[in-house]
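The values are calculated or read from the model by the stated rules, or taken from the named source; none is laboratory data. Predicted model, so just to flag it, every value in this text is computed and none were measured. Neighbour counts run over all protein chains shown; Cβ positions are idealised from the backbone, glycine included.
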Amino acid sequence: MKEPLDATAASLSLMTAALWGGIAVAVKYSEDTLDPIAVAAIRFAIAAAFMWFWCRLRRFPLRLNTKETRLASGVALLLLVQILLFNFAIHYSNTSHAVLMISTYVGWVALIEHFITKVDYLTPRKLSGIGLAAFGVALTVFQMRNSNAGVSANLDVDSPTMIGDILMLLSALVLGIKIVFTKYSVARVEPNKFLFWHHLLGSGLFVICSFLVEGIPISNATAWTAPVILALLYQGLIVGGFCFAVQATLLRRHTATAISVFGFATPLFGVLFALVFRGDPYSHWLLLAGCCVAVGIFLVNRKSTSPKKSQ
């Protein structure tokens with residue numbers, strides 16, 4: 001029997017959601033001097049190392065059978081596509097836009113689970129949440145027209161572009177597909193083991209792609225600035241490691257629905273971090289867009305208190 005969230009569990013859930021909000025800022029700092037695919041390779045290599053130690057500490061077996069290998073390989077390919085889109089999108093956009101666009105994955109998951117897998121059906125509340133998040137995205141695109149004029153004159157400020165926003169929306173779609181596939185997979189593979197191979201296989205694919213496309217030019221000492229190193233450690237250890245460990249601990253006592261509802265905080269913290277650390281231009285439109293996306297996520301993730309009707 002799962003326990004209701006107490007103040008400590010709620011605070012930890014909110015903290016992990018906030019830390020997830022900083023991932024776009026960290027990736028942006030990494031890409032200031034490193035190539036996008038190389039950034040992904042390093043990020044998931046660090047996360048895989050953390051998961052190896054975690055699994056050894058918890059005595060989880062790591063060997064995969066044939067079926068588990070197919071599932072892990074499939075999710076690694078989805079990871080490759082999703083992160084390539086994400087890292088290239090953020091290269092052509094700014095972090096506040098990236099956070100809001102990628103957060104729409106929640107709506108894609110709801111749509112996929114209704115129309116394709118049919119494991120969870122849309123309700124008026126979920127539809128209103130998806131619509132509100134979509135309205136927030138439209139506001140973000142509208143706000144870009146007003147902000148780019150001032151941004152283009154300031155080379156120290158990241159400038160959003162339409163191509164960057166489109167690529168990020170595609171990344172959100174692939175992330176939604178990946179989450180649905182991951183839900184299917186972890187019902188058949190021990191989750192900790194699965195996540196280790198997710199990180200390890202994904203990192204290997206990124207190394208190959210980086211070598212073919214970028215030549216892995218990471219040996220340049222001048223590229224390894226303090227912000228870049230800290231950003232990579234944030235992505236690999238804080239998000240890929242610490243946040244996972246906290247959520248894994250919480251899930252032993254509480255339901256996934258109770259924890260995921262705090263995802264509404266991710267876009268709000270992401271926009272805040274973008275304004276503070278990257279100097280993204282602030283506007284009331286951007287704040288309104290962030291609130292729309294956050295409330296939309298809350299409505300989609302919030303568990304209904306009334307009995308479900310048979311479909």
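Exactly one residue out of Thr16, Thr33 is polar (S, T, N, Q) and surrounded by 17 or more Cβ atoms within 10 Å (Cβ to Cβ): that is Thr16. Screening the candidates Leu77, Leu64 for the property of being at pLDDT 95 or above and not in a helix (DSSP H, G or I) yields one hit, Leu64. Here Ile90 meets each of (1) buried (at least 17 other Cβ atoms within 10 Å of the Cβ); (2) in contact with a helix residue (DSSP H, G or I) (Cβ under 7 Å, 6 or more places away or on another chain); (3) farther than 22 Å from Val207 by Cα with one exception, condition (3).
Taking the criterion of being over 22 Å from the mean Cα position of the chain (by Cα) and modelled with pLDDT under 90, would at least one residue in the range 175-191 satisfy it? Looking through the range 175-191, none of the residues is over 22 Å from the mean Cα position of the chain (by Cα) and modelled with pLDDT under 90. Does Phe269 count as surrounded by 15 or more Cβ atoms within 10 Å (Cβ to Cβ), farther than 18 Å from Glu31 by Cα and not β-branched (Val, Ile, Thr)? When the stated conditions are applied, Phe269 passes them. Got at least one residue in the range 49-60 being of a type in the set (Lys, Arg) and part of a loop (DSSP other than H, G, I, E, B)? Looking for residues that are of a type in the set (Lys, Arg) and part of a loop (DSSP other than H, G, I, E, B), one finds at least one in the range 49-60, hence yes. Regarding the range 60-74, can at least one residue be identified that is within 22 Å of the chain's Cα centre (by Cα), surrounded by 22 or more Cβ atoms within 10 Å (Cβ to Cβ) and of a type in the set (Ser, Thr, Tyr)? Checking the range 60-74: not a single residue is within 22 Å of the chain's Cα centre (by Cα), surrounded by 22 or more Cβ atoms within 10 Å (Cβ to Cβ) and of a type in the set (Ser, Thr, Tyr). Assess whether Ala138 counts as being among the small types (Gly, Ala, Ser), at pLDDT below 95 and under 25 Å from Ala48 (Cα atoms). So Ala138 fails the test. Take the residues in the range 226-254 that are surrounded by 15 or more Cβ atoms within 10 Å (Cβ to Cβ) and among the polar types (S, T, N, Q); name whichever of them is modelled with the lowest pLDDT. Residue satisfying both the conditions and the ranking: Gln247.
Based on what the data block shows, is Gly241 part of a helix (DSSP H, G or I) and in contact (Cβ under 8 Å) with a residue 12 or more places away in the chain? So Gly241 fits the description; yes.
Kindly provide the set of residues from the range 75-87 that are of a type in the set (A, V, I, L, M) and either buried (at least 21 other Cβ atoms within 10 Å of the Cβ) or over 19 Å from Lys183 (Cβ atoms) (or both), ordered by number. Selection gives Val75, Ala76, Leu79, Leu80, Ile83, Leu84, Leu85. Within the range 185-235, the set of residues being without any contact (Cβ under 8 Å) to a residue 60 or more places away in the chain and of a type in the set (Ser, Thr, Tyr) comprises Ser219 only.
For Ala98, the conditions (1) farther than 14 Å from Thr182 by Cβ; (2) surrounded by fewer than 24 Cβ atoms within 10 Å (Cβ to Cβ) all hold with the exception of (2).
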